[in-house]
């Protein structure tokens, strides 16, 4: 005997009524109070970010179109500050030095970090100690790093690095005291401090590569260089993209090491955008022009980040 059609529909309708919709589930979560718990944990960090980062950013954008006059009131000048700083020879020279510094530190730290990651990859206790020791330059305060390298860069023959150069028959170098080598010396300092950080990111990326690919490459007779080229590098494309952005931003925002080692000298050979902004704002009291330079630096960093992400998505697609 066949069952009436109405009886078959009743259980289905009851099941539909018993199954809560997504809107009801979201409403139940809100009424139960669980939705605000993650925001409660994030609140301290968000408050600090808003107060010390986002509010100053908004104030810098506002000051960049004003003639800042403390205690007298600011005057709106439009794009005059941008025109002044873009037409400045010092800003163009500082921009070129910043690009050279960022490129040198970015590729130098990534290459050295990748090499270190290949050398210390593994799970033994000795490698754990070596990785921890190699990571020390990252956790040491940048002021200590700058002072250490300033001592090693002593321009006389008694300096540490000059003594090492003397062992191979090379004459003493002025390093940060010579306009021809000062910027390169700062690049070396940045590479020494940034490479261990890149090494740790590369180690995390190497751990995610399928070991079966290496075994298959060994069976096919691939050499170490071929395994790195055809297995390791393709598996680290996303890591390279992330590190490129991080290292480039770090290079564009270089300030402390330059300020402590050379303060933009000698003869402006190491003047970068950050040190120029500092001098315009706090030494020359031209806060509007300094704010315009800071906004331009932010826009350049944002454009670089967006371009790298677009290129990465296009390659993935």
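The values are calculated or read from the model by the stated rules, or taken from the named source; none is laboratory data. All values derive from a computational prediction rather than experimental measurement. Note: ideal-geometry Cβ built from the backbone for every residue, glycine included; neighbour counts use all protein chains shown.
What to note about this one:
- Only one entry of 86, 75, 42 meets the criterion of being modelled with pLDDT of 85 or more and in contact with a strand residue (DSSP E or B) (Cβ under 8 Å, 6 or more places away or on another chain), and that entry is 75.
- Where a residue in region 257-269 is assigned to a loop (DSSP other than H, G, I, E, B) and its partner, wherever it lies, is surrounded by fewer than 18 Cβ atoms within 10 Å (Cβ to Cβ) and modelled with pLDDT of 90 or more, with Cβ under 6 Å and at least six apart: 266/179; 267/179; 269/179
- Within region 295-317, tally of residues that are more than 29 Å from residue 58 (Cα to Cα) and either in contact with a helix residue (DSSP H, G or I) (Cβ under 9 Å, 6 or more places away or on another chain) or in contact (Cβ under 8 Å) with a residue 40 or more places away in the chain (or both): 4
- For the criterion of being within 21 Å of residue 145 (Cβ to Cβ), surrounded by fewer than 19 Cβ atoms within 10 Å (Cβ to Cβ) and modelled with pLDDT of 90 or more, residue 246 fails.
- In region 270-284, the residues that are outside any helix (DSSP H, G or I) and touching a residue at least 60 places away in the same chain (Cβ under 8 Å): 270, 271, 272
- Identity of the residue in region 115-128, in contact with a helix residue (DSSP H, G or I) (Cβ under 6 Å, 6 or more places away or on another chain) and either farther than 15 Å from residue 201 by Cβ or not in a helix (DSSP H, G or I) (or both), that ends up modelled with the highest pLDDT: 121
- Of all residues in region 286-317, those being assigned to a helix (DSSP H, G or I) and either in contact with a strand residue (DSSP E or B) (Cβ under 6 Å, 6 or more places away or on another chain) or closer than 30 Å to residue 235 by Cα (or both) number 18.
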